[in-house]
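**Q** Attaching a single structure in structure tokens format; questions to follow.
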Amino acid sequence: MSKDIKTCAGPECERNARAHGLCLTHYMQKRTGGELFPIGSYVRPAKEGCDFPECGRKHYAHDLCFQHYKQQRAGRELKAIGTKGERVCDFPECGRKHLALGLCKQHYRAQKAGRELRPIRKYASMEEPDAV
């Protein structure tokens with residue numbers, strides 16, 4: 001007893017038929033309600049770059065570059081990439097260098113320890129006192 005192997009009824013397809021006279025790829029095209037087209041003939045339109053203003057990085061997904069896409073997936077507000085050295089603490093009137101989560105080292109440690117955030121006291125300068 002030999003089984004008759006049927007060929008896919010899809011356009012320009014030589015694959016073996018699996019379901020409803022179609023190969024798996026053409027069957028999935030039919031299931032999604034799309035028009036049947038030859039396998040490998042669809043070419044997605046190329047995207048030039050990231051849609052974030054003033055971002056020159058290449059497109060990755062959802063009209064964004066990889067870094068902006070990661071920000072979007074994490075649910076964060078989209079911000080410019082590469083401004084690492086310019087960032088300062090978000091705590092009002094702190095002005096210290098940013099470490100993590102928008103805070104400087106001292107405020108980040110306080111938040112991580114569960115303490116209330118408050119201004120960091122300023123230390124007296126280590127200069128020699130004025131001679132009288």
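The values are calculated or read from the model by the stated rules, or taken from the named source; none is laboratory data. Predicted model, so just to flag it, every value in this text is computed and none were measured. Quick reminder, even Gly has a Cβ in these numbers, built from the backbone with ideal geometry, and neighbours come from all protein chains shown. The protein model used for the area step is the full one, side chains on, heavy atoms only, and it has no ligands, DNA or RNA in it. Shrake-Rupley method; radii C 1.70, N 1.55, O 1.52, S 1.80 Å.
**Q** When the range 80-97 is examined, which residues are found to be open to solvent by 90 Å² or more (accessible area, probe 1.4 Å) and either more than 22 Å from Pro53 (Cβ to Cβ) or under 12 Å from the mean Cα position of the chain (by Cα) (or both)?
**A** Pro92, Glu93, Lys97, listed by residue number.
**Q** Related question: If you go through the range 55-88 one residue at a time, how many are at pLDDT 85 or above, part of a helix (DSSP H, G or I) and among the basic types (Lys, Arg)?
**A** Residues that pass the stated criteria total 2.
**Q** For the range 61-93, which positions are in contact with a strand residue (DSSP E or B) (Cβ under 7 Å, 6 or more places away or on another chain) and either within 28 Å of Ala110 (Cα to Cα) or β-branched (Val, Ile, Thr) (or both)? Lay out the reasoning, then the answer.
**A** If we filter the range 61-93 for residues that are in contact with a strand residue (DSSP E or B) (Cβ under 7 Å, 6 or more places away or on another chain), which is where we start, we get 65, 69, 72, 88-91.
Gln72, Val88, Cys89, Asp90, Phe91 - these are the residues of the range 61-93 that are in contact with a strand residue (DSSP E or B) (Cβ under 7 Å, 6 or more places away or on another chain) and either within 28 Å of Ala110 (Cα to Cα) or β-branched (Val, Ile, Thr) (or both).
**Q** Moving to a separate point now. Could you tell me which residue of the range 98-132 is least open to solvent (accessible area, probe 1.4 Å), considering only residues that are among the hydroxyl-bearing types (Ser, Thr, Tyr) and either modelled with pLDDT under 90 or assigned to a loop (DSSP other than H, G, I, E, B) (or both)? Can you show your working first?
**A** Going through the range 98-132, the residues among the hydroxyl-bearing types (Ser, Thr, Tyr) turn out to be 108, 123, 125.
Remaining after also requiring either modelled with pLDDT under 90 or assigned to a loop (DSSP other than H, G, I, E, B) (or both): 123, 125.
On the way: Tyr123: 171, Ser125: 83 Å².
Restricting to residues being among the hydroxyl-bearing types (Ser, Thr, Tyr) and either modelled with pLDDT under 90 or assigned to a loop (DSSP other than H, G, I, E, B) (or both), the top hit is Ser125.
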